[in-house]
Amino acid sequence: MEKIMTISLVFESKEEGTVMVGTDKELDQLTHPEIKKMIGEKILVKRTDNREIPLQVSSVQISTSMADKKNIGICVGKAISPEEIKIGSTIYRNQD
């Protein structure tokens, strides 16, 4: 499994459903299309209690800070509520 990032924020968006946000310094050098391709259509969230949750990605939002750091938001729709995803959980690329 390829690690994408650790979750630092989870919230619900009226339009996008549950959104998980995080950063990873390894991704700062990649372009937005490269990051979206790496994430793909399916992810696996490994919670801090080791429970694994496979999810379908509905969209990926990427912003770049003034310090040239990329903040990545992965939207998974309404398949899961934000309360089920804990900050500190890790997102992996799901390649099944």
Over the chain, what is the mean sequence separation of C-alpha contacts under 8 Å (at least six apart), divided by residue count, expressed as relative contact order in percent? 42
Sort 20-30, 40-50 by packing, meaning the average of other beta carbons within 10 Å per residue, with the highest value first. 20-30, 40-50
Principal axis extents for the chain, Cα atoms only, whole Å, descending order, please. 31, 30, 21
Could you work out [θ]222 nm for the chain from helices alone, using -39500 (n - 2.57) per DSSP H run of at least four and dividing by all its residues? Round to the nearest 500 deg cm²/dmol. -2000 deg cm²/dmol
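What number comes out for the charge environment of residue 53, summing +1 per Lys or Arg and -1 per Asp or Glu over other residues with Cβ under 9 Å away?
Net charge in that neighbourhood comes out at +1.
Before I look further, what does the chain give for accessible area per residue, probe 1.4 Å, in whole square angstrom?
59
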Starting at the first residue of the range 37-48, write each ³J(HN,Hα) from the Karplus equation 6.51 cos²θ - 1.76 cosθ + 1.60 with θ = phi - 60°, in whole Hz, x for Gly and Pro. 5, 4, 5, x, 9, 9, 10, 10, 9, 9, 6, 5
Give me the percent of accessible area attributable to carbon and sulfur for the chain, probe 1.4 angstrom. 49
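The values are calculated or read from the model by the stated rules, or taken from the named source; none is laboratory data. Because the structure is a prediction, the values reported are computed rather than measured. Neighbour counts run over all protein chains shown; Cβ positions are idealised from the backbone, glycine included. SASA here: full protein model, heavy atoms, side chains in, ligands and nucleic acids out. Shrake-Rupley method; radii C 1.70, N 1.55, O 1.52, S 1.80 Å.
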